[in-house]
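Asker: Here it is, the structure in full.
The values are calculated or read from the model by the stated rules, or taken from the named source; none is laboratory data. Values in this document were obtained by computation on a predicted structure and should not be read as measured data. Don't worry about glycine lacking a Cβ; one is built from the backbone with ideal geometry, like all the others, and counts go over all protein chains shown.
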Amino acid sequence: MKDFLRNRMTALAQIVLLSATGSAFADSKGAVTAQTLEYASVSELTERMERNELTSVTLVEYLQARISTLDKQGPMINAIIELNPQAIDIATALDLERQAGKVRGPLHGIPVLLKDNIDTADQMQTSAGSLAMVGQPAANDAFVVKQLRDAGAVILGKTNMSEWAYVREMGLPHGWSGRGGQGKNPHVLSGEICGSSSGSAAGVAAGFAPLAIGTETNGSITCPASANGVVGVKPTLGLFSRSGIIPITRLQDTPGTLTRTVRDAALMFNALQGADVTDAATGDAPMGVDYTTLLATDTLKGKRIGYPTEYVGTNGSVLQPGVKFLMALATLEEQGATLVPLKVRLPDIDGYFNTLMAGMKHELPEYLVSRQGLPIQTLQQLIDFNVLNPGTEGYGQQMLKDINELDMTHSQATELFGILNASFKAAIDEQLAEHNLDALFADADGYSQFSAAVAGYPGITVPSGMNNDELPTSVFFFGQRWSEPQLLALAYNYEQASLERQNPAFKEQ
């Protein structure tokens with residue numbers, strides 16, 4: 001214990017030095033490195049912990065102070081809706097485990113943020129950003145939270161989000177919630193932050209934590225990852241459990257990762273895979289995969305990568321590739337990939353949004369009755385609560401009203417979604433097979449992200465630079481079911497060859 005306390009005091013002294021020197025710190029040979037603590041990768045943080053240069057407590061305290069300075073004051077990013085009051089105690093226990101020789105894995109002592117629709121059985125709320133959900137905390141951890149705790153991660157806090165995953169009212173600002181206020185893009189404060197996992201993406205981009213969990217029904221990981229300049233991975237539907245997550249609908253919902261590097265995403269995938277008996281979709285998922293195995297700087301060599309030049313079908317259009325996407329294509333070629341231009345067929349989406357809304361109408365009440373001590377237990381009670389508590393912005397809730405009045409059974413929604421899901425799977429599978437492709441690659445055009453989401457297929461958003469407005473740009477790798485190891489490998493090669501991710505400037509404009 002004396003050694004632990006002495007190490008803690010040394011670490012706290014380092015915090016003072018870090019704060020005074022712009023967060024530069026000494027390596028094991030005493031040389032000052034350029035990498036700042038707040039933007040360090042999981043591997044870098046772990047190496048310092050292994051060398052006794054850093055403790056989990058030190059890291060948590062440093063990030064808490066950074067959040068206080070930048071999220072709640074100064075630029076007021078509003079990415080964090082609530083900090084975990086038990087984080088220091090958890091980090092202390094994990095530091096003691098490490099000192100005793102017990103290390104649970106690469107995430108041991110590493111802070112992680114959770115979107116505010118993911119249950120935690122602790123002192124924090126799980127509210128989907130809604131004041132109507134503030135009350136007694138959840139009784140049980142979500143399955144993915146239990147996995148993170150078992151892996152040794154420190155739950156640092158909950159992130160702000162577009163309220164009800166942007167299903168309260170169309171046209172509301174992305175990143176706004178009644179409970180958390182308006183989130184901001186840390187690159188340019190007035191820039192698009194996108195939703196609904198806005199706080200998870202912005203928090204990672206701003207250096208509030210190296211890792212975060214978001215959720216996606218359609219675009220809620222890929223879009224904020226793109227807008228905030230981080231790596232966002234939406235997995236195959238069923239790879240990660242949805243148990244203990246406030247639903248839109250299990251027809252399409254999935255948790256996913258938001259990180260600053262592809263390798264950090266792969267480390268999270270290692271921790272989050274696993275069958276959950278309460279989520280049947282996980283029963284078919286591959287188990288025991290090491291998602292870091294294929295990560296290398298030559299994985300693009302010899303690969304055939306398809307990219308869309310035109311979308312044909314519903315709302316289709318000829319694409320005008322921007323400079324950054326053309327540069328990304330050039331990088332793929334330089335790394336040895338063969339590029340295949342494609343005219344992509346877009347399946348019909350008639351009835352699609354009604355299937356999702358019908359899913360929420362029938363699934364949200366099931367979740368609400370599983371929670372105790374909340375002001376609401378039905379969708380109508382939620383609507384009534386918002387009428388009585390309109391908030392200072394006075395935003396509406398027409399989507400919630402429309403969902404409540406929707407005349408579609410869950411079985412009807414499931415049947416219709418099954419048809420749509422099959423058509424989008426076929427559209428992607430046919431392209432891959434016809435052109436003998438290893439993966440598909442696109443700009444952040446929305447069409448490809450939408451297609452992967454409806455198909456339930458995996459996709460990875462990777463930063464590709466900055467535009468003329470000093471906001472991030474991105475590219476998107478996607479492919480067939482369970483192809484995450486290959487997609488992560490391709491994305492890693494591109495990331496390492498391009499090195500396009502930039503730390504935010506917190507610029508007012």
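Asker: Cβ-Cβ distance below 6 Å, separation of 6 or more or different chains: which pairs start in region 77-94 with a residue that is under 12 Å from Glu61 (Cα atoms) and end on one that is assigned to a helix (DSSP H, G or I) and among the polar types (S, T, N, Q)?
Answerer: Within 6 Å, the pairs are Ala91/Ser56.
Asker: Among the residues of region 313-334, are any polar (S, T, N, Q), buried (at least 21 other Cβ atoms within 10 Å of the Cβ) and either within 30 Å of Gly274 (Cα to Cα) or under 26 Å from the mean Cα position of the chain (by Cα) (or both)?
Answerer: No, every residue in region 313-334 fails to be polar (S, T, N, Q), buried (at least 21 other Cβ atoms within 10 Å of the Cβ) and either within 30 Å of Gly274 (Cα to Cα) or under 26 Å from the mean Cα position of the chain (by Cα) (or both).
Asker: Go through region 165-179 and report how many residues are among the aliphatic types (A, V, I, L, M) and closer than 12 Å to Tyr395 by Cα.
Answerer: So the answer is 2.
Asker: With (1) in contact with a helix residue (DSSP H, G or I) (Cβ under 9 Å, 6 or more places away or on another chain); (2) in a helix (DSSP H, G or I); (3) not aliphatic (A, V, I, L, M) as the list, and Asn270 as the residue in question, which single condition is left unmet?
Answerer: Failing condition for Asn270: (1).
Asker: Looking at region 429-447 only, could you name the residues that are in contact with a Gly (Cβ under 9 Å, 6 or more places away or on another chain) and assigned to a helix (DSSP H, G or I)?
Answerer: Gln431, Leu432, Tyr447
Asker: Related question: Which ones in region 329-387 are aromatic (Phe, Trp, Tyr) and over 30 Å from Gly306 (Cβ atoms)?
Answerer: So in region 329-387, the residues aromatic (Phe, Trp, Tyr) come out as 352-353, 367, 385.
Tyr367, Phe385 - these are the residues of region 329-387 that are aromatic (Phe, Trp, Tyr) and over 30 Å from Gly306 (Cβ atoms).
Asker: Moving on to the next point. Would you say Gly214 is crowded, with 24+ Cβ neighbours inside 10 Å, at pLDDT 95 or above, outside any helix (DSSP H, G or I) and in contact with a strand residue (DSSP E or B) (Cβ under 6 Å, 6 or more places away or on another chain)?
Answerer: Considered against the rule, which asks whether it is crowded, with 24+ Cβ neighbours inside 10 Å, at pLDDT 95 or above, outside any helix (DSSP H, G or I) and in contact with a strand residue (DSSP E or B) (Cβ under 6 Å, 6 or more places away or on another chain), Gly214 comes out as yes.
Asker: In this structure, is Asn436 out of contact with any Cys (no Cβ under 6 Å at 6 or more places or on another chain) and within 30 Å of His362 (Cβ to Cβ)?
Answerer: Considered against the rule, which asks whether it is out of contact with any Cys (no Cβ under 6 Å at 6 or more places or on another chain) and within 30 Å of His362 (Cβ to Cβ), Asn436 comes out as no.
Asker: Of the residues in region 170-205, how many are part of a loop (DSSP other than H, G, I, E, B), modelled with pLDDT of 95 or more and either among the polar types (S, T, N, Q) or on the phi < 0 side of the Ramachandran plot (or both)? Please lay out each step first, then the result.
Answerer: Taking region 170-205 and keeping what is part of a loop (DSSP other than H, G, I, E, B), we get 170-175, 178-180, 183-187, 189-197.
Retained after the next criterion (residues that are modelled with pLDDT of 95 or more): 172-175, 178-180, 183-187, 189-194, 196-197.
Restricting the remaining residues to those that are either among the polar types (S, T, N, Q) or on the phi < 0 side of the Ramachandran plot (or both) gives 172-174, 178-180, 183-187, 189-193, 196-197.
Of the residues in that region, 18 qualify.
Asker: In region 217-241, how many residues are within 9 Å of the chain's Cα centre (by Cα), among the polar types (S, T, N, Q) and either on the phi > 0 side of the Ramachandran plot or assigned to a helix (DSSP H, G or I) (or both)?
Answerer: 1
Asker: I'd like the full set of residues that are assigned to a loop (DSSP other than H, G, I, E, B), more than 18 Å from the chain's Cα centre (by Cα) and either free of Cβ contacts under 8 Å to residues at least 12 places away in the same chain or surrounded by 24 or more Cβ atoms within 10 Å (Cβ to Cβ) (or both), limited to region 448-493.
Answerer: If the condition is that a residue be assigned to a loop (DSSP other than H, G, I, E, B), more than 18 Å from the chain's Cα centre (by Cα) and either free of Cβ contacts under 8 Å to residues at least 12 places away in the same chain or surrounded by 24 or more Cβ atoms within 10 Å (Cβ to Cβ) (or both), then Asn468, Gly479 are the ones that fit.
Asker: Another one. Might you let me know whether region 410-431 holds any residue that is surrounded by fewer than 18 Cβ atoms within 10 Å (Cβ to Cβ) and in contact with a helix residue (DSSP H, G or I) (Cβ under 6 Å, 6 or more places away or on another chain)?
Answerer: yes
Asker: Considering each of Gly336, Gly359 in turn, give the residue that is of a type in the set (Gly, Ala, Ser) and in contact with a helix residue (DSSP H, G or I) (Cβ under 7 Å, 6 or more places away or on another chain).
Answerer: The unique qualifying residue is Gly359.
Asker: Would you mind finding the one in Leu258, Leu251 that is in contact (Cβ under 8 Å) with a residue 40 or more places away in the chain and in a strand (DSSP E or B)? Give the derivation first.
Answerer: Values: Leu251 fails: in a strand (DSSP E or B).
After ruling out the rest, the residue left standing is Leu258.
Asker: Another one. Starting from residues that are aliphatic (A, V, I, L, M) and modelled with pLDDT under 95, keep the ones in region 23-80 and report whichever is nearest to Leu107 (Cα to Cα).
Answerer: Leu37
Asker: Limited to region 93-130, what total is found for residues that are buried (at least 17 other Cβ atoms within 10 Å of the Cβ) and not charged (D, E, K, R)?
Answerer: 20
Asker: Could you check, for region 285-306, whether at least one of its residues is within 28 Å of the chain's Cα centre (by Cα), free of Cβ contacts under 8 Å to residues at least 24 places away in the same chain and within 24 Å of Asp429 (Cα to Cα)?
Answerer: Restricting attention to region 285-306, the residues satisfying the condition of being within 28 Å of the chain's Cα centre (by Cα) are 285-300, 303-306.
Cutting the leftovers down to free of Cβ contacts under 8 Å to residues at least 24 places away in the same chain gives us 287-288, 290.
In the following step, the residues that additionally are within 24 Å of Asp429 (Cα to Cα) were identified as 287.
Checked region 285-306: at least one residue is within 28 Å of the chain's Cα centre (by Cα), free of Cβ contacts under 8 Å to residues at least 24 places away in the same chain and within 24 Å of Asp429 (Cα to Cα).
Asker: Something else about it: State which residue is farthest from Asn467 (Cα to Cα) when the search covers only region 285-312 and only residues that are modelled with pLDDT under 95 and exposed (fewer than 15 other Cβ atoms within 10 Å of the Cβ).
Answerer: The qualifying residue farthest from Asn467 (Cα to Cα) is Val312.
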